[in-house]
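Have a look at the structure below before the remarks.
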Amino acid sequence: MKKCHGSVIGTLFLAACLLLTETSFAGNPSLDEQRALYREAKIAVARGSEANVRRLINVLGDYLLKPHIEFLWLSDRLRHAKTDDIATFLKTYEDSSLANRLRFRWLDTLRSQGREQDFLTYYRSTSASTEQQCYFHHINLRNGKREPFLSDAIKLWSVGKSQPRGCDALFDYLIANGYISQETAWNRYSAAVLNHQYQLARYLQRFFTSDRYQQLARNFLQVDLEHQLIGNYSLFSDFNDALSGDEVHAIIVHGLTHLARSDATTALKHWSYYQQIHPFTSEQRKRVITDLVKGLYNQEHTEIADNYLIDYLDIVDPTLLEWRAREFIGQTDWQNVLTWIERMPLQLRETDRWLYWGARAADLNNTAKQSPEDNSAYHVLSRSRSFYGFLASEWTANGYSMAFKKTSVSPADITQLEKQPGILRTWEFVFHEDYLAARRDWYHTTRNFTEQQWITAAHIASSWQWHNGAITSMISAGFWDDIDLRFPLAFKEAFYSHAKKTGVPVHLLFAVARQESALAQDVQSHAGARGLMQLMPATATETARKHGISYRGSHQLLEPEINITLGSRYYREMLQRFDNNRILATAAYNAGPHRVSTWLNKSQGSLPFDAWIETIPFLETRNYVQNVLAFSMIYAHHLESEARILSEKEKQHRL
């Protein structure tokens, strides 16, 4: 069919064209025609042409995305919308993500217009914002209804931060009617101090009318601002009654954990005193002891810290034991690595990471009872499809195990699931390349699926070539072994083309994109990185300039071809900067080349390659490097490549 597009002469042409369009669809339009009409309708919505929007909605017939046009039109004009139109939409599409989103926006509009009765009619607690909750409870309390509205209102008031201005009226009502007791105020006050919300804490002091609470509040704030005051035992000697216990314990724990960061030995002395006279909870003891140990290590009281940690192995956070073992890896003290691994709980000790380091440290310490090729721990690990499993295969000279297990879905399962309206709508959004809308509808439709339904959904998404949908569905199913679905060869032509042009191995480019975006071409991070290979706009601009690539702005980073073009060249730059070392280039792609150079300056070429990776200071970057290298082997498997996770040069080079 001929499409209707606006022009300079605009509305008359468009109206005439649309009139002809409406006439030509006296019967039911085909799916292709509906899709074209949908695109025209989105243009009409953007231009604010009500007559054209309504005409197009009429001729769209039973097209699955017609509700989306209605939603777009209504949601942008809620201040002047007719209540009947909203009610009809919400009732017609009750169990849809669009209805939830429209209801949310409609409630904000009703609240701003003071339409209380309408607000109560449309309110749903499950999707309400904090301001909407406050408004709802305020209306009910003013109308003489107490429970559960009063209890819920007090919960909203009691959080340890300032709430939105839309809650002021409710809070004023609670205060004016005497519903804020000293105990209630203390809960909020202590939370505010713990969050370092000092302005709020000082405001809350006005609610303390008794000497007891006034003194507690002063002591808590003093201790938070001057942690060494936790050593003034007289501050808490007058609060030994049971009613004060919880409050006093919270102050003591807070003060001790903060003091431990700057003066752990003094904090340890005070802790020895307080735990003799106060019955702290197990969680409070764990928190104090863990922070004491961290502080002692950071302040180089290593022997005291080790002894204290060993004494409380059953209490402290197990990640402290991992941190300690990792410290010794960074010092290449392999005997102590083995000692601290042995101190870990069995469940932690038997993870791939610490099984690997148990075997590797023994090799490096020359205490292994077997050669690496014969080491049983390596052989067990080499059956694992993981970073450590692949490294173990390097020492045993085994091939990499993919532990592949294909998921099983029947044609009947697929046919049944494909009939669900939400699945059909998602496909239409994917067809129109509106991936954000697709993800929203997909999530809403599949949120209560069983494992088998999620797996079936992944097969359906894969058949659409919507790779991100397949990947996230397999994550939701918790099924990790179907690597065909989890690691698809998406955008294959572009990756092959730019791998050839840049000399970066294609399986490595696939791995970077898979780790960065889970192959969602339109995704944007909180930091502003965009697209498949998650490029920052400034990095993209500079890379385009260096390589003479036409680049018109950050919006182009959502185009797979442009994103892969620039991302592959930036990764090539990192390889060139770090002597073609994939470990360093991958770390630099994530954390920046300057940080990698700083870490290399610190290690001074003293660490084996795997020890350097294990001691990367940023957990995100450490996991990133391990994932990219492991993913690259999965993609090499898909591509029938004999590539190894690292070259001999990379394995032999100390970092």
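For the reader, a short list of remarks on this structure follows.
- Restricting LYS651, LYS546 to residues that are part of a helix (DSSP H, G or I), open to solvent by 30 Å² or more (accessible area, probe 1.4 Å) and among the basic types (Lys, Arg) narrows the list to LYS546.
- Residue, farthest from the chain's Cα centre (by Cα), within the stretch 143-194, restricted to residues that are aromatic (Phe, Trp, Tyr) and over 23 Å from GLN215 (Cα atoms): TYR173
- Matching option when the condition is modelled with pLDDT under 95 and open to solvent by 30 Å² or more (accessible area, probe 1.4 Å), among ASN187, ASN177, ASN219: ASN187
- Selected residue [in a helix (DSSP H, G or I), farther than 30 Å from ASP168 by Cα and among the small types (Gly, Ala, Ser)] from ALA87, ALA41, ALA99: ALA41
- You will find that of ASP352, ASP333, the residue that is more than 31 Å from the chain's Cα centre (by Cα) and either within 27 Å of ASN627 (Cα to Cα) or at pLDDT 95 or above (or both) is ASP333 and no other.
- Some residue of the stretch 618-638 being acidic (Asp, Glu) and either crowded, with 22+ Cβ neighbours inside 10 Å or in a loop (DSSP other than H, G, I, E, B) (or both): no
- When residues in the stretch 117-138 are screened for being open to solvent by 50 Å² or more (accessible area, probe 1.4 Å) and farther than 21 Å from ALA176 by Cα, 5 of them pass.
- Those helices (runs of 4 or more DSSP H) of the stretch 374-448 in which 3 or more residues are under 30 Å from TYR356 (Cα atoms) occupy 376-381, 387-396.
- Flag if THR450 is open to solvent by 40 Å² or more (accessible area, probe 1.4 Å), modelled with pLDDT of 95 or more and either of a type outside the set (Asp, Glu) or over 21 Å from SER96 (Cβ atoms) (or both): yes
- When we screen ALA392, ALA412 for residues that are farther than 17 Å from GLN626 by Cβ and among the aliphatic types (A, V, I, L, M), the only hit is ALA412.
- Hits in the stretch 73-100 - residues which are touching a residue at least 40 places away in the same chain (Cβ under 8 Å) and open to solvent by 60 Å² or more (accessible area, probe 1.4 Å): ASN100
- Checking the stretch 154-174 against the condition returns no match, with no residue being within 19 Å of GLN113 (Cβ to Cβ) and among the aromatic types (Phe, Trp, Tyr).
- Unique residue being in contact with a Phe, Trp or Tyr (Cβ under 6 Å, 6 or more places away or on another chain), open to solvent by 40 Å² or more (accessible area, probe 1.4 Å) and of a type in the set (D, E, K, R) when the list is ASP352, ASP333, ASP374: ASP352
The values are calculated or read from the model by the stated rules, or taken from the named source; none is laboratory data. Everything quoted here is computed from the prediction, not taken from an experiment. Here the Cβ is made from the backbone with ideal geometry for all residues, glycine too, and neighbour counts use every protein chain on show. Side chains included, ligands, DNA and RNA excluded: accessible areas come from the protein's heavy atoms. Shrake-Rupley method; radii C 1.70, N 1.55, O 1.52, S 1.80 Å.
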